[in-house]
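Take a look at the structure below.
The values are calculated or read from the model by the stated rules, or taken from the named source; none is laboratory data. Computed from a predicted structure; not experimentally measured. Cβ atoms come from the backbone with ideal geometry, glycine included; neighbour counts cover every protein chain shown.
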Amino acid sequence: MTDDPLAWHSALMAERVAEFYVDAPEAPFFQREIARFGQPALDLACGAGRVLLPLLRAGVEIDGCDVSAELLQQCRAKAAREGYEPRLYQQPMHAFALPRRYRTIYICNSFGLAGGRDQGMAALRQCHAHLEDGGALLVNIEAAYTSQEEWELWEPVKRRALPEPWPEEGRRRVAADGSVHVDRLRAVAMDPLEQRWVRELRLEKWVAGRLVASEELALRGNVYLKNELVFMLQAAGFRDITVRGDYTDEPATPDSKELVLTAVK
């Protein structure tokens, strides 16, 4: 596997994300943390603005940065429909260089997509460089061991059976304009030694019973565990690192599905 991050949000994928991934249950948590550490804030890997837009509505001064021009176009259009013009930058998270500093930076559901671990480390260092003294970075990781389906891919029998066959039936969803979007996802490879995975995604868009667009995309990411990310944050220069569970104020437990790390500059 190469270490380069994949800009896999093509036009059809970006349309799908903007249409169907709109709920942001994490937004109130980030809003409280921004109130705690201060503004301006940066949504790093902001995508189509799933979390950024609710914070804009709440009056937060917030910028966005993402590697995908297509996702940023969707974010910009959504914001414009509500009368907002956020600063949005197209840059990869491991090498972003923005013209201002922030009191709060967060990375939501995207840190494992930065590329290889060297890129992940570089992303944390860039976050540290872009924070004001006393500012904070918030980053979450999914606890893979809490999902039986995900954790089974680490086992030799399941891993050696990869790649999985394509599902015969895809997930079907209807957009607001009546178009039908179908997606099929399969696991292709899992390397437990390197804690890296590869998946493939097939997308179709149908209008009035006619296939008008289709794509096949490769998805690649890293699996991080708590102590590894704590050590990385320390190596990047952060201090006062805490780990909370499931976007609450409670310390993470072995049953927490989401680990949210807060690190202060």
Inset, instruction - Report yes if residue 38 is crowded, with 24+ Cβ neighbours inside 10 Å, among the small types (Gly, Ala, Ser) and modelled with pLDDT of 95 or more, otherwise no. - result: no
Inset, instruction - Looking for whichever is at pLDDT below 95 and among the β-branched types (Val, Ile, Thr) here; the options are 180, 230, 198. Which one fits? - result: 198
Legend entry - Evaluation of residue 74 against (1) free of Cβ contacts under 8 Å to residues at least 12 places away in the same chain; (2) assigned to a helix (DSSP H, G or I) (one fails), failing number: (1)
Inset, instruction - Report yes if residue 55 is in a helix (DSSP H, G or I), closer than 23 Å to residue 128 by Cβ, in contact (Cβ under 8 Å) with a residue 24 or more places away in the chain and of a type in the set (A, V, I, L, M), otherwise no. - result: yes
Legend entry - Matching residues, the stretch 230-265, being closer than 16 Å to residue 130 by Cα, among the small types (Gly, Ala, Ser) and assigned to a loop (DSSP other than H, G, I, E, B): 236, 237
Inset, instruction - Could you tell me whether the stretch 213-229 includes any residue that is within 30 Å of residue 19 (Cα to Cα), in contact with a helix residue (DSSP H, G or I) (Cβ under 9 Å, 6 or more places away or on another chain), assigned to a helix (DSSP H, G or I) and not acidic (Asp, Glu)? - result: no
Legend entry - Close pairs from the stretch 11-27: first under 12 Å from residue 52 (Cα atoms), partner of a type in the set (A, V, I, L, M) and in a helix (DSSP H, G or I), Cβ under 7 Å, at least 6 apart: 27/55
Legend entry - Residue under evaluation residue 193, criteria (1) out of contact with any Gly (no Cβ under 8 Å at 6 or more places or on another chain); (2) within 22 Å of residue 20 (Cα to Cα), criterion not met: (2)
Legend entry - Which listed residue is among the charged types (D, E, K, R) and surrounded by 12 or more Cβ atoms within 10 Å (Cβ to Cβ), from 132, 82: 132
